[in-house]
Amino acid sequence: MGEDWVIGVDLGATKISCALVSPQNELAARAGMETRAIDGPEAVTERIAAALRELRAQAPGDARIERVGVCSPGPLDHTTGMLYDPPNLTGWRNVPFAALLGKALGLPVLLEHDAKATALAEFHLGAGRGARSMALIIAGTGVGAAIIVNGKLYRGPHDSAGEVGHITVDLNGPICTCGSNGCVEAYAGGPAIMRAYTYATRHAVSSAGEVAQAAEDGDLIAQRVFQEAGRALGAGIATLAMLMDVDTFVLFGGVAKAGELLMAPTRAAVPRYSYQSVSRRVQIKGCELGDDAGVMGAALVARRINA
């Protein structure tokens, strides 16, 4: 997938992961730090650059490091390397991040949305290996997707494809953060799971993971909340499968860490909301690369794989 060494950077809201990646896509060396976005983009860029210089020094003497790939929360423009106003990077607005980091390193830097980079990693190196098309379903605070069709990222003409979380699955359902009713995210997003459980039990919880643990411990209400979350997610996946003819779906994110608790009802719902000829092809899997997916995806971006 590439003969050169590259560096991948996963720029997150709270932490930054960096890795030197070999031509065989193995993580040869790592570095990490807190993001501290409030310090400002210039200060964060210089800390990243310092870490990458140390990584570059750990490469074999004959290694060619041609490019750096960075994945980041959006909104962003992958063609210009511009970060617009990521809500979780406080104070960052219209930041030419790829240019800033590239100037500090003297290397070309390519920027990509974190979900799309993660999808590339799972497609080429993880749970999607061997598939022609795949959708990475991110189930966390929100619900979204990154779609790969015939081996290529599908962005849409306005770079906004993949909003599976805002497919309506119940016209009279709960209000979603987007202002609509009955969206997938209104059932399967982390805050929605917490709200549903708290409403039913009058017991406040601090995370969807806490609800998942209660379900694993035999709490019938928690189990029912995940059944409903899975049903909604399955309906969204069925719709995406019908529209895009995608048959491999990889679940990723904090809520997806519930594993079969979420995946079993998700799988069960797909045949209810799609043609049998479509549903029998659909495979729903957990991610394989875990926390390394972002930095591995950034490395693939650096290699210009399907970008």
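What follows draws every value from the coordinates through simple rules; no lab data is involved. Just so we're clear, the structure is a prediction, and the values are computed from it rather than from any experiment. Glycine gets a Cβ as well: all are built from the backbone with ideal geometry, and neighbour counts include every protein chain shown.
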*Residues of region 149-165 classified as under 16 Å from the mean Cα position of the chain (by Cα) and either of a type outside the set (D, E, K, R) or within 26 Å of residue 187 (Cβ to Cβ) (or both), total*: 8
*All positions within region 133-186 that are assigned to a loop (DSSP other than H, G, I, E, B) and among the β-branched types (Val, Ile, Thr)*: 141, 167, 169, 177, 184
*Filter region 1-17 for residues that are surrounded by 15 or more Cβ atoms within 10 Å (Cβ to Cβ) and closer than 20 Å to residue 124 by Cβ and give the result.*
2, 5, 6, 7, 8, 9, 10, 17
*asked:* Restricting to region 90-131, give me the number of residues that are among the aromatic types (Phe, Trp, Tyr) and either within 16 Å of residue 7 (Cα to Cα) or crowded, with 23+ Cβ neighbours inside 10 Å (or both).
replied: 2
_Considering only region 261-283, I want to know if a residue exists there that is touching a residue at least 12 places away in the same chain (Cβ under 8 Å), within 19 Å of the chain's Cα centre (by Cα) and not in a helix (DSSP H, G or I)._
yes
_Tally up the residues in region 192-214 that are of a type outside the set (Phe, Trp, Tyr) and crowded, with 20+ Cβ neighbours inside 10 Å, please._
7
_Selection count where residues are among the charged types (D, E, K, R) and free of Cβ contacts under 8 Å to residues at least 12 places away in the same chain, scope region 122-153_ = 1
*Go through region 188-221 and count every residue that is within 20 Å of residue 256 (Cβ to Cβ), free of Cβ contacts under 8 Å to residues at least 40 places away in the same chain, of a type outside the set (S, T, N, Q) and part of a helix (DSSP H, G or I).*
8
*Identify the residue in region 47-72 that is under 15 Å from residue 107 (Cβ atoms) and acidic (Asp, Glu) and, among all such residues, is surrounded by the most Cβ atoms within 10 Å (Cβ to Cβ).*
66
